[in-house]
Amino acid sequence: MNIALLLALSLAAPPASASLDTATFAGGCFWTMEHAYDDLPGVISATSGFMGGTVKDPTYRQVVEGNTGHLESVQVIYDPAKVSYETLLWTFWHNIDPFQADGQACDTGPNYHTAVFVRDAAQRRAASGTRQQIMERFHRDGATQVLTAGPFYAAEEYHQDYAKKNPAHYGMYRAGCGRDRRLSAIWGDEAGKASVSARTVTTEVRHAMYTVKPKPSDADLRRTLTPLQYEVTQHEETERPFQNEFWDNHKEGIYVDVVSGEPLFSSLDKFDSRTGWQSVTKPLEPSNVEQKTDRSLFMERTELRSSHANSHLGHVFDDGPKPTGLRYCINSASLRFIPVDRLEAEGYGQYLALFKK
């Protein structure tokens with residue numbers, strides 16, 4: 001075969017590698033994000049590593065110490081003819097909590113923050129567009145950033161394909177960290193899945209199996225809440241001990257925000273503090289309960305507020321029982337109780353498993 005013919009063939013049929021593209025996502029622990037892309041059709045490879053920092057060739061130990069500026073990331077090589085960048089994006093979104101600012105589930109720290117690293121204007125438009133859809137659907141701003149991609153550094157070999165090489169340990173880590181439960185609470189049936197189009201996600205993805213409502217106007221709150229519920233949730237009032245709805249409630253179920261419906265506490269974590277107020281040792285969904293410093297009444301306390309509705313819930317103290325040693329002292333007026341036999345009907349079916357003997 002002559003040189004001219006070889007040149008003509010090479011121009012007509014470029015090598016397969018020329019048709020591949022690259023995407024990079026930071027979604028908390030890179031074990032979980034790599035695993036999310038491993039078996040997605042059209043993905044050639046998914047590599048755990050680091051991006052976004054200033055240190056060249058960082059080690060895992062350097063990154064987890066939080067001083068490199070790098071985020072744990074997964075770099076995806078894919079064939080655009082077989083899988084779209086939008087599908088990769090929705091796979092990313094469905095595998096993270098886009099509202100958690102300090103990491104993902106139990107993995108907290110600067111190296112676990114979330115981001116989409118983009119390489120060109122098209123990726124930036126797609127990433128920003130899907131992010132905007134999520135913010136509009138859930139009526140709140142997100143913590144995930146869209147950043148310009150920089151150098152990617154692969155992590156040590158023992159981190160690569162970790163979920164496949166160490167399935168037992170990975171499974172225990174994933175369950176213990178609470179990541180799946182959080183994804184289910186946000187995405188419902190779409191948790192952990194890809195979506196082939198933004199249109200499908202826009203019409204079908206739910207904030208949860210329940211629906212978190214946008215916070216009503218003050219006039220609507222006055223109309224729909226009792227006077228006590230309004231004063232407690234909106235003006236930080238405290239109800240009377242032993243004279244509130246749930247202090248002595250012994251039924252099984254969960255407690256949700258009276259305004260938004262976001263899940264807050266479980267009866268499984270309730271205990272008798274002998275204070276006359278609803279007392280639990282921990283939140284059902286930690287990301288739905290925020291802590292703020294309260295310096296009223298000439299003292300400093302830790303106030304509890306719901307993340308979505310910003311309802312005043314109560315305070316947390318360090319005189320609770322083991323294992324947490326905490327007492328979440330909650331106003332009944334901030335809560336609505338959903339018994340176990342109503343969880344499925346009201347959209348909280350993902351919590352039924354907690355009450356199985």
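Below, the figures for the structure above:
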item	result
Among (1) surrounded by 14 or more Cβ atoms within 10 Å (Cβ to Cβ); (2) among the hydroxyl-bearing types (Ser, Thr, Tyr); (3) more than 23 Å from the chain's Cα centre (by Cα) - the single one THR293 does not satisfy	(1)
Helices (runs of 4 or more DSSP H) within segment 128-196 that include 3 or more residues in the same structural domain as TYR37 (by TED's automatic domain parsing) and under 22 Å from the mean Cα position of the chain (by Cα)	167-177, 179-187
Count of residues meeting criterion [aromatic (Phe, Trp, Tyr) and either in a strand (DSSP E or B) or free of Cβ contacts under 8 Å to residues at least 40 places away in the same chain (or both)] in segment 81-117	1
Among the residues listed as LYS165, LYS193, the single one being touching a Phe, Trp or Tyr at 6+ places or on another chain (Cβ under 9 Å) and at pLDDT 85 or above	LYS165
Subset of segment 118-144 [in contact with a helix residue (DSSP H, G or I) (Cβ under 9 Å, 6 or more places away or on another chain), closer than 22 Å to VAL76 by Cα and either free of Cβ contacts under 8 Å to residues at least 40 places away in the same chain or of a type outside the set (S, T, N, Q) (or both)]	VAL118, ALA122, ALA126, ALA127, GLY129, ARG131
Yes/no for VAL289 being touching a Pro at 6+ places or on another chain (Cβ under 6 Å) and either farther than 19 Å from LEU225 by Cβ or at pLDDT below 90 (or both)	yes
Residues of segment 252-272 classified as surrounded by fewer than 20 Cβ atoms within 10 Å (Cβ to Cβ) and assigned to a loop (DSSP other than H, G, I, E, B), total	3
Residues of segment 241-251 classified as touching a residue at least 24 places away in the same chain (Cβ under 8 Å) and exposed (fewer than 15 other Cβ atoms within 10 Å of the Cβ), total	4
Selection count where residues are touching a residue at least 12 places away in the same chain (Cβ under 8 Å) and either assigned to a loop (DSSP other than H, G, I, E, B) or more than 30 Å from the chain's Cα centre (by Cα) (or both), scope segment 213-230	7
Residue list for segment 296-309, filter: surrounded by fewer than 22 Cβ atoms within 10 Å (Cβ to Cβ), under 13 Å from TYR328 (Cβ atoms) and either free of Cβ contacts under 8 Å to residues at least 60 places away in the same chain or outside the structural domain of LEU343 (by TED's automatic domain parsing) (or both)	ARG301, THR302, ARG305
Some residue of segment 157-168 being crowded, with 19+ Cβ neighbours inside 10 Å, in contact (Cβ under 8 Å) with a residue 24 or more places away in the chain and out of contact with any Asp or Glu (no Cβ under 8 Å at 6 or more places or on another chain)	no
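The values are calculated or read from the model by the stated rules, or taken from the named source; none is laboratory data. The model shown is predicted, which means the values in this text are computed figures rather than measured ones. Cβ: placed from backbone, ideal geometry, glycine included. Neighbour counts: every protein chain shown.
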